[in-house]
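Visitor: Sending over a structure as C-alpha cells; questions will come in a sec.
The values are calculated or read from the model by the stated rules, or taken from the named source; none is laboratory data. Computed from a prediction, not measured in an experiment: that's the story for all the values here. All Cβ positions, glycine included, derive from the backbone under ideal geometry; neighbour counts span all protein chains shown.
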Amino acid sequence: MNTDEIRVFQGRLVRFTAWGLSHEEANQLADKLVARDREGDDRRLCLECDHLRGTFCRNYREADIGEYLPRDFVTLFQRCAGFTGTSNTSGFK
Ligand code: SF4
C-alpha cells in the first residue's frame with residue numbers, strides 16, 4: 001500500500017472497530033476496500049457514511065430506507081443516494 005492507502009486503511013480500522021467490528025473483521029473489511037478503491041468500484045458501505053450513527057441512518061429519507069439498519073446491511077457494498085463519505089475513512093464526499 002502507498003502512503004495514502006495506509007492512512008485511509010488505518011482510519012477505517014479505527015472507525016470500524018469503534019462501531020463494533022472485531023479487529024479481524026475490521027481488517028478484512030478494510031482490505032476489501034483497498035481492492036475496491038483500486039478497481040474503481042463505486043459501491044460504498046454505510047460504515048463509510050457520515051450519516052450512520054450506530055445502526056441508525058440519519059439520512060434515511062434520501063436513502064429511501066428504514067431508519068434502523070441491520071448489522072449485515074451496514075457492512076454491505078451498495079450504492080445509496082443518501083451516501084456522504086467520511087473524510088477520515090475515504091476522502092471522498
Ligand atoms: S445514507 Fe445510505 S449509505 Fe449512508 S448510512 Fe444511510 S443507508 Fe447507509
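Visitor: Checking Leu33 against (1) at positive phi; (2) touching a Lys or Arg at 6+ places or on another chain (Cβ under 7 Å), only one condition comes out false. Which one?
Guide: All conditions pass for Leu33, except number (1).
Visitor: Regarding Leu76, is this residue in contact with a Ser or Thr (Cβ under 7 Å, 6 or more places away or on another chain) and at negative phi?
Guide: Judged against the criteria, Leu76 is not a match.
Visitor: Can I ask one more? Restricting to segment 46-59, and then to whatever is more than 6 Å from the ligand (Cβ to nearest atom) and not basic (Lys, Arg), can you tell me which residue is farthest from Ala26 (Cα to Cα)?
Guide: Residues of segment 46-59 that are more than 6 Å from the ligand (Cβ to nearest atom), as a first pass: 47-48, 50, 53-56, 58.
Pick out the ones that are also not basic (Lys, Arg) and you get 47-48, 50, 54-56.
Details: Leu47: 10, Glu48: 12, Asp50: 18, Gly54: 16, Thr55: 16, Phe56: 19 Å.
Filtering segment 46-59 for residues that are more than 6 Å from the ligand (Cβ to nearest atom) and not basic (Lys, Arg), the one farthest from Ala26 (Cα to Cα) comes out as Phe56.
Visitor: Here is a list: Arg79, Arg71. Which entry is modelled with pLDDT of 95 or more, more than 20 Å from Asp4 (Cα to Cα) and either within 11 Å of the ligand (Cβ to nearest atom) or surrounded by fewer than 18 Cβ atoms within 10 Å (Cβ to Cβ) (or both)?
Guide: Exactly one residue qualifies, and that residue is Arg79.
For (1) at pLDDT 95 or above; (2) surrounded by 14 or more Cβ atoms within 10 Å (Cβ to Cβ); (3) in a helix (DSSP H, G or I); (4) not polar (S, T, N, Q), each residue gets a yes or a no:
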| site | (1), (2), (3), (4) |
| --- | --- |
| Val8 | no, yes, yes, yes |
| Gly11 | no, yes, yes, yes |
| Glu24 | yes, no, yes, yes |
| Leu29 | yes, yes, yes, yes |
| Arg38 | no, no, yes, yes |
| Asn88 | no, yes, no, no |
